Amino acid sequence: MNGLPIASVIPGAALGTPADRLSALFDAHYDRLYRLARRLTPSADDALDLVQETFLRAARSPTSIPLGLMSEEAWLVRVLINIRRDQWRKTAVRRRHPQEMTDSTSVDNDPEAVFIVRSTVWHALDMLTPRRRAVVVMHELEGLTIPKIASLLGISAITVRWHLSAGRRDLARTLRPQMGETNENR
């Protein structure tokens, strides 16, 4: 044709299936999104993961992508930036709250110490409300994602996040005295 990507020649509404539209979006915007992701991440692999996650989100909700070359690109860029911000937030939280329980020197070699730590944590989990305990256990111990937990419990993802955040706070408050910390230390 005239050397333009196919997505700029064929309007988004003319593409038949969501898969066709996603393919056209990928062809039209991949390079730009990769360049942006490369500036936002420390490595090329992280940039590829970020772009992949962006297109996965687009594939999960194709009806939310606006029509038009400029508006769909803006939507994809906003999704990519939001994903990266979420990653930065997670990293910041993990830096602020390092895993104190894995901090002890000989716990791994001492079966009695491992038992004491586990029973202390499970006792603290038992003090949570049933739903909050379920969310914390599914996310932190079983490694389930927030959308999966929401689906299993029949609640929204926002509610899962709220229970997870409150559960972590409650656990920290309960475990702090066992770890030899007082409120003055925090």
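Each value in this text was obtained by applying a stated rule to the coordinates, not by laboratory testing. Quick caveat: nothing in here was measured; it's all calculated off a predicted structure. As a convention, Cβ positions derive from the backbone with ideal geometry for all residues, glycine included, and neighbour counts pool all protein chains shown.
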* Mind ordering 61-67, 37-43 by average Cβ neighbours within 10 Å, highest first? -> 37-43, 61-67
* **Theoretical FRET efficiency, 1/(1+(r/R0)^6), r = Cβ-Cβ of Ile116 and Arg32, R0 35 Å, to 0.05** => 0.05
* What nm value, rounded to one decimal, do you get for the distance between Arg60 and Ile155 when each label is placed 7 Å out toward the C-beta? -> 1.9
* **Distance (nanometres) between label positions extended 7 Å along Cα→Cβ at Val93 and Thr17** => 3.7
